1. Out of region 147-205, which residues are at positive phi and part of a loop (DSSP other than H, G, I, E, B)?
2. What is the residue count in region 34-60 for residues that are at pLDDT 95 or above, assigned to a loop (DSSP other than H, G, I, E, B) and within 24 Å of R168 (Cα to Cα)?
3. For region 50-68, which residues satisfy the criterion of being in contact (Cβ under 8 Å) with a residue 40 or more places away in the chain and either touching a Ser or Thr at 6+ places or on another chain (Cβ under 7 Å) or polar (S, T, N, Q) (or both)?
4. Kindly evaluate L132 against the criterion of being part of a helix (DSSP H, G or I), crowded, with 16+ Cβ neighbours inside 10 Å and either in contact with a Cys (Cβ under 8 Å, 6 or more places away or on another chain) or on the phi < 0 side of the Ramachandran plot (or both).
5. Mind checking which residues of region 153-174 are more than 12 Å from T4 (Cα to Cα) and touching a Gly at 6+ places or on another chain (Cβ under 7 Å)?
6. Just to be sure I understand, how many residues within region 1-46 are touching a residue at least 60 places away in the same chain (Cβ under 8 Å) and touching a helix residue (DSSP H, G or I) at 6+ places or on another chain (Cβ under 8 Å)?
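The values are calculated or read from the model by the stated rules, or taken from the named source; none is laboratory data. Predicted, not measured: the structure shown is a model, and the values here were computed from it. Cβ atoms come from the backbone with ideal geometry, glycine included; neighbour counts cover every protein chain shown.
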Amino acid sequence: MLVTTGLRDELPDLPGIGERWGRDLLHCPYCHGHEVRDQPLGVLGGTPEALAHVHLIRQWSHDVVFFANGTALTANDREQLAARAIGVVGAPVASIVVENDRLSGVELSTGQVVPRAAVFVRPRFVPHDTLLTGLGCATHDNGWVAVDGTGRTSVPGVWAAGNAVNPRAQVITAAGEGSAAAIAINNDLVNEDLPIAVTNFRLGLPL
């Protein structure tokens, strides 16, 4: 059995986030950066990866603001942000502002609105792995189901591929993992058939 049930994006609980997701509220600098290049961009903090994320987004625009939103910044963090001309807003974010069906800014708890054309956020990736964990598949320390290079899990006869076990797998990666798993499954089935075929051969039974 090959399980490729993917994952879901767990978004911050802020007004306007869900409605703009995948439109002008974005997550991947490689998938979406070029689409919003040279525009006023924001990066929503509050997750462990947010700081690294804002430096990636800075490659696409000279006008980037980091909304810390609870992210604790060290003196070194602030110096690096300043060195790359990334603005920092410390006040908590209240909501995403939308006008004429377009994201137009980020509203802070103070009531101030910071104009932005698009905002990036790192969602929390949650795998659809109930089937795998229910079968007793072993997991890594981070909670994701463990597989080998072919997608084989710790449970005999069970493989997994793509975002169900790999949060970083894009479409081309997931397809490659699925192909590797399919080859491994085919080999496993052939190896399982061999002793049966030998037994039947010795008994003079037909193939």
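1. From region 147-205, those at positive phi are 151, 157, 162, 204; that's our starting set.
Matches in region 147-205: G151, G157, G204.
2. So the answer is 4.
3. A50
4. In short, yes.
5. Listed by number, the list holds a single entry, V155.
6. Count: 14.
A quick yes/no check of all residues on (1) surrounded by fewer than 22 Cβ atoms within 10 Å (Cβ to Cβ); (2) more than 22 Å from D9 (Cβ to Cβ); (3) modelled with pLDDT under 95:
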{"residue": "N142", "(1), (2), (3)": "yes, no, yes"}
{"residue": "V147", "(1), (2), (3)": "no, no, no"}
{"residue": "G151", "(1), (2), (3)": "no, yes, no"}
{"residue": "S154", "(1), (2), (3)": "yes, yes, no"}
{"residue": "V158", "(1), (2), (3)": "yes, yes, no"}
{"residue": "N166", "(1), (2), (3)": "yes, no, no"}
{"residue": "V171", "(1), (2), (3)": "yes, no, yes"}
